[in-house]
Amino acid sequence: CGVFGVYGTEGAAAVAALGLHALQHRGQEAAGITSFDGKLFHTKREMGHVAGNFDSEDAIRQLPGHTAIGHVRYSTTGETAMRNVQPLFAELSSGGFAVAHNGNISNALHLRKALNRRGSIFQSTSDTEVLIHLVATSAYRPPLDRFIDALKQVEGAYSLVCLTPEGMIACRDPLGIRPLVLGRLEESLIVASETVALDIVGATFIRQIDPGEMLVINEKGMRSLRPFGDRDARPCVFEHVYFSRPDSVLDGNSVYQVRKNIGAELAKEGPVDADIVIPVPDSGNPAALGFAQESLIPFEQGIIRSHYVGRTFIQPGQGIRDLSVKLKHNANRGLVEGKRIILVDDSIVRGTTSLKIVQMMRDAGAKEVHMRIASPPTRNPCFYGVDTPDRSKLLAAQMDVERMRSFIKADTLAFISVDGLYRALGEEERSDQKPQYCDACFTGAYPTSLTDQSDEEGPD
Ligand code: 5GP
Ligand code: SF4
Ligand code: MG
């Protein structure tokens, strides 16, 4: 998902709509904006894209006020339904409270059961709603203390932007799993999932919000709190590989440059003699360019992508996913015919994309097809807000690399190593004592306890 918030500007909702537009790649199922006009909260939530739902004068007129927060959704917990579309809103004893959440609370089911037993009545199946009930039932009095008390009970990933009658609160979980940045647009402050959203609304980047930091923004200005004590950060490495937009800057690194570095590392680790390097567009583009530059094999666009279909993975349901792979990519036959090609993609999850693309290249006359993947094998599900399927559907959890190669029918297949990925990020290697990133989907080293998993399946 993607979140955005703007405090203190006329027509805040229009700025939020623009910001969400820039974050559309983070979730395409639904979008929503809540504004506050000094007296009343206004919320508009819609299924589908930001464009078409939030770019008309009429839509913005429904969202008056100088402050607004927004959300683009792709579901990991809770089904695709209106009641789960954010921002979520509740009338608490302290006044209205709206929240937009990126991430996933990995003990949400556990907390929900306990809250249900104490009489809470849930209106959605979203993990985020747990937060609202924890705030509502907190034993503390001051609203901010209630919010902090609630956050101390949740585990997992959260980058949050909240709206109250007093102002805006932004918070990043203690490990900083999902990104969150701070910017300025003239007199107003902005928080957003990625720097690209600041660029697009014309704001300047101030800094990233630190892991475990809470910013309280109101008419008195901005206060920074550290309610959780000090812990070593574990930002999601997969943001760099796939999730963030290449024109964003994450943890001080250009996403585009890191992806090119990954491609270059991959060329060193998995070299192969071939005629051309072809990206699986768009997610494989920078890594393929890095691969080509390092290996001195020409980069060519051997697959043309239609821009009128969404990202395959982000649409739920295998049926739609299968179909949209075909809609999305087509072979550039004249180029590919008779050639030995290297295909570069960011990841293999179920293997659907790779299987189809390799076949497509063979149908177009490729002589040899070598597949190179810009992330290590995805062997474990994510419980922190990226929609990887469970282990039974992860190709790399079922097969070793040689069997995967034969499954996707490539001549050779290689993945970047975990240390290669860390080198691309400017690290010497992965520190096994204190890993610099969350890389659990590749290594299985989850940085938090996973209460809901052990609740349901019992101890191993
Ligand atoms: P597969 O077809 O193997 O199931 O999925 C891999 C493809 O899905 C890659 O081309 C990748 O760009 C795309 N993809 C889209 N969203 C995601 C995501 O959230 N995680 C991963 N690993 N891949 C994704
Ligand atoms: Fe990111 Fe993977 Fe960790 Fe999920 S498990 S937060 S996708 S690195
Ligand atoms: Mg892709």
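Things to note:
- For E427, net neighbour charge (Lys/Arg +1, Asp/Glu -1) across residues whose Cβ lies under 15 Å away: -4
- Sparse-neighbour loop sites [trypsin sites (Lys or Arg not before Pro); the range 206-298; at most 13 other C-beta within 10 Å; DSSP]: K220, R231
- Percentage relative contact order, the range 137-182, counting C-alpha pairs under 8 Å, at least six apart: 27
- Using the Cβ-Cβ distance between Y140 and S56 with R0 = 45 Å, the FRET efficiency computed as 1/(1 + (r/R0)^6) comes to roughly 0.60.
- For K113, a cut-off of 22 angstrom between C-alpha atoms picks up these lysines, skipping any fewer than 8 places away in its own chain: K152.
- Taking every C-alpha pair closer than 8 Å and separated by at least 6 residues, the mean separation divided by the residue count of the range 255-447 gives a relative contact order of 21 percent.
- With the largest listed first and rounded to whole Å, the semi-axes of the equivalent ellipsoid of the range 2-233 from the Cα gyration tensor are 24, 20, 17.
- For the chain, the calculated P(r) over all alpha carbon pairs, in 10 Å bins from 0 to the bin holding the longest distance, is 4, 21, 30, 25, 14, 5, 1, 0 percent.
- For M82, the shell of other residues with beta-carbons less than 15 Å away shows a net charge of 0, using +1 for Lys and Arg and -1 for Asp and Glu.
- Trypsin sites (Lys or Arg not before Pro) restricted to DSSP loop in the range 54-123 with at most 12 other C-beta within 10 Å: R118
- Range in the chain, longest, excluding exposed chymotrypsin sites (Phe, Trp or Tyr not before Pro) [loop by DSSP; at most 15 other beta-carbon atoms within 10 Å]: 141-307
- Pairwise label distance in nanometres, R231 with S449, each label 7 Å out on the Cα-Cβ vector: 1.1
- Estimated FRET transfer efficiency when R0 is 41 angstrom, pair E219-I304 (beta carbons, to 0.05): 0.20
- Between the exposed loop cleavage positions of the chain, defined as GluC sites (Glu not before Pro) in a non-H, G, I, E, B DSSP state with at most 16 neighbouring beta-carbon atoms within 10 angstrom, the longest gap is 220-336.
- Here the relative contact order of the range 1-99, from alpha carbon pairs under 8 Å that lie six or more residues apart, stands at 35 percent.
Quick note: the coordinates plus some simple rules give every number you see, no bench work behind them. Here the structure is a predicted model, which is why all the values come from computation and not from measurement. Neighbour counts run over all protein chains shown; Cβ positions are idealised from the backbone, glycine included.
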